[in-house]
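Working notes, structure below.
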Amino acid sequence: MGMIDIHSHLLPGIDDGVKTEEEAEKLLLLYKNAGISRIVCTPHLANPYVKTHVLGIRDAYTWFKEAAVNYGIEAILGSELYIGLDESKFIPFLDKFLLVETSMLVEPLYLLDKIFALQLKGFSIIIAHIERFSWISVTSPTAKRMREMGVYFQVNIQGIEDGSAEPYIKKNWVDFIATDNHGISRRAPVNLDIFHKYPEIMVRSMKILNL
Ligand SMILES: [Fe+2]
């Protein structure tokens, strides 16, 4: 079965992720060796804490997509949508999936309303690294409401390694495992082998994405 990483910052020089094409190529090799055949590039857009070179995305993606082919990997373009400030700029991946993040510390006002408005426009919502937000947990009413609304949850590989994603896995609320890969220069390399440890979650992911 093909595997996919739906959350990454691998476009060189675009956001706070990968800096250079050389770094991106090194990572592509790691993905290839880990047997991952699809990568969704999800640069931050309009995140108040990250400076994004928005006008460079098109060219960086064109380069990355061609580079990825040499590693037998299909690159897909999306974005990471920050809810709480300006929700008007985003790139859905595979036509309809929106990877969503928020403040780490505070639940944004009208979060569920904003999610619902996006769903009404036909988008499927995936909450990025749900285990990282201090305002939500498996016992929060907000988490329960999200599940009732058909919102998907993604956890980071790092969250699996440090145990913070465990409650979501136990509750069977994890739809996607992803890297949130920011490259080699900024963070330690991501352990891609973890993708292989949760085949049932990967099956679920592929079904959701219709891949
Ligand atoms: Fe991210």
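Just one of (1) more than 16 Å from the ligand (Cβ to nearest atom); (2) under 26 Å from M3 (Cα atoms); (3) of a type in the set (G, A, S) fails for S137. It is (2). Of the strands (runs of 3 or more DSSP E) that lie entirely inside region 14-95, those containing 3 or more residues that are not charged (D, E, K, R) span 38-41, 74-77. In region 178-203, what count of residues is obtained for those that are without any contact (Cβ under 8 Å) to a residue 60 or more places away in the chain and either among the small types (G, A, S) or within 15 Å of I125 (Cα to Cα) (or both)? Looking only at that region, the number is 1. Taking region 103-207 and the strands (runs of 3 or more DSSP E) fully enclosed by it, the elements with 2 or more residues that are over 21 Å from K89 (Cβ atoms) are at 152-156, 176-178. Of the residues making up region 1-13, those that are out of contact with any Asp or Glu (no Cβ under 7 Å at 6 or more places or on another chain), assigned to a loop (DSSP other than H, G, I, E, B) and within 25 Å of S103 (Cα to Cα) are I6, L10, L11, G13. Of all residue pairs spaced 6 or more apart or on separate chains, those with beta-carbon atoms under 6 Å, a first member in region 41-61 that is over 21 Å from L94 (Cα atoms) and a second member that is away from the ligand (no atom under 13 Å from the Cβ) and among the hydrophobic types (A, V, I, L, M, F, W, C) are P48/L85.
Throughout, read-outs are computed from the coordinates displayed, never taken from laboratory work. Here the structure is a predicted model, which means the values were calculated and not measured. Neighbour counts are summed over all protein chains in view; Cβ atoms, including those assigned to glycine, are modelled from backbone coordinates with ideal geometry.
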